[in-house]
Amino acid sequence: MGKRYNIAVMPGDGTGPEVVEEGIKVLDAAAAAEGFVLDYTYYDMGGEHYMKTGEILPDQVVTELRQADSIFLGAIGHPDVKPGILEKGLLLKLRFDLDQYINLRPVKLYEGVKTPLANKGPEDIDFVVVRENSEGLYAGAGGVLKRGTADEVAVQESINTRKGVERCIRYAFEYCRQRNRKKKITLCGKTNVLTFAFDLWERAFYEVAKEYPDIETDYAHVDAICMWMVKNPEWFDVIVTDNMFGDIITDLGAMIQGGMGIAAGGNINPEGVSMFEPIGGSAPRYTGKQVINPMAAICAGQLMMETIGEEKAGARIENAVKKALKEDIKDLAAGKMGYTTSEVGDLIVAYVKNL
Ligand code: IPM
Ligand code: MN
């Protein structure tokens, strides 16, 4: 008997359930081919559930999720729920409560996929962003005074702890070493203006770097990173940055790798339970239409397999996705794929079995 894994599944809102279904089809095919079993426990959390019950994320669910081997998430966000409620109450709460302090976002252009960058190909676009996922502007520090008056004051502080920053940087160096490509790590900051926060980041970065003499270090300000990601994406191997900058540059990354249809991410607690998600959101206008691209969810499944130690299953999924992109699916945009959501899943399942 092969191993068994207990996977918590949160399909969530909008197109989340559709893409999660395809992700699971592909995961099951990969698990069967590699001789292990994935058991799923479904959690019906998200906007619909909140509107029906007023409940966002019960403590009991968090307690159960702590026992899971991994979490597979569709999308959180509902057009009828005020922005911030589900994002903070569910997605960010999970990231924080489970101390998923790394947000890992590969930016990889596969052969056959169109990028908006002229004269750039798969050999130029292949890097990973390691985004700090537990602090920074996302920590929720700050407050508001005299709200709604002419004297209103709003303060939102970026929290950067030496421990939090250092563990993120250390993860990025380890990841870079194991990835074993250019062996180059770029710190993305803003040392010329955010002279408290990024002074801490910079010192931690160069101190940790001493333990990794095999890895080349580089630094760029976040605005310049945006420029270089468009002009010279081939310079990058691993980029490490804080929560807010990481959020912003990974949407840019998603675009240069072919769009939200293929962009996946992992919220990782290297010592605990991690959570994998397509990064594109709930896409409410496409809900239930079977036009959304499930590849981002499928690639999130691949990241999950790599993280739980089933690298062969991960490689199988990646190769199947590559083959489908090379041979079948020419446009990744919702409604333009020439296949339904579930047909894309079926196609990739077939390749997972036969590669
Ligand atoms: C992401 C999203 C989230 C974030 C939102 C939905 C809270 O944009 O995962 O990048 O800002 O982290
Ligand atoms: Mn984002």
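The values are calculated or read from the model by the stated rules, or taken from the named source; none is laboratory data. What you see is a predicted model, and the numbers here were worked out from it, not measured in a lab. Don't worry about glycine lacking a Cβ; one is built from the backbone with ideal geometry, like all the others, and counts go over all protein chains shown. Ligands, DNA and RNA are stripped out before the accessible areas are found, and what is left, the full protein with its side chains, is counted by its heavy atoms. Shrake-Rupley method; radii C 1.70, N 1.55, O 1.52, S 1.80 Å.
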Using the structure shown, decide if Glu207 is in a loop (DSSP other than H, G, I, E, B), more than 16 Å from ligand 2 (Cβ to nearest atom) and more than 28 Å from Glu277 (Cβ to Cβ).
no
Answer from Leu73, Leu91, Leu104 - the residue that is open to solvent by less than 20 Å² (accessible area, probe 1.4 Å), out of contact with any Asp or Glu (no Cβ under 8 Å at 6 or more places or on another chain) and within 19 Å of Asp247 (Cα to Cα):
Leu104
Tell me yes or no: at least one residue of the stretch 168-186 is charged (D, E, K, R), open to solvent by less than 60 Å² (accessible area, probe 1.4 Å), outside any helix (DSSP H, G or I) and within 16 Å of ligand 1 (Cβ to nearest atom).
no
Hey, can you tell me all the residues within the stretch 245-255 that are open to solvent by 10 Å² or more (accessible area, probe 1.4 Å) and near ligand 1 (Cβ under 8 Å from one of its atoms)?
Asp247, Asp251
Only one of these conditions is not met by Asp242: (1) among the charged types (D, E, K, R); (2) within 16 Å of ligand 2 (Cβ to nearest atom); (3) open to solvent by 50 Å² or more (accessible area, probe 1.4 Å). Which number is it?
(3)
The residue from Glu311, Glu327, Glu318 that alone is of a type outside the set (Phe, Trp, Tyr) and without any contact (Cβ under 8 Å) to a residue 12 or more places away in the chain is Glu311
Here the residues within the stretch 256-276 that are open to solvent by 30 Å² or more (accessible area, probe 1.4 Å) and more than 12 Å from ligand 2 (Cβ to nearest atom) are Pro270, Glu271, Gly272
Between Ile279, Ile308, which is closer than 24 Å to Cys168 by Cα, open to solvent by 10 Å² or more (accessible area, probe 1.4 Å) and at pLDDT below 95?
Ile279
I'm trying to understand the selection: among the residues of the stretch 187-226, which are under 22 Å from the mean Cα position of the chain (by Cα) and either open to solvent by 80 Å² or more (accessible area, probe 1.4 Å) or free of Cβ contacts under 8 Å to residues at least 24 places away in the same chain (or both)?
Asp223
Residue ID - farthest from ligand 2 (Cβ to nearest atom), chosen from residues in the stretch 67-107 that are farther than 30 Å from Arg4 by Cβ and either part of a strand (DSSP E or B) or among the acidic types (Asp, Glu) (or both)
Asp80
Out of curiosity, is Thr340 open to solvent by 10 Å² or more (accessible area, probe 1.4 Å) and touching a residue at least 12 places away in the same chain (Cβ under 8 Å)?
yes
Of the residues in the stretch 116-139 that are assigned to a strand (DSSP E or B) and open to solvent by less than 10 Å² (accessible area, probe 1.4 Å), the one that is nearest to ligand 2 (Cβ to nearest atom) is Arg131
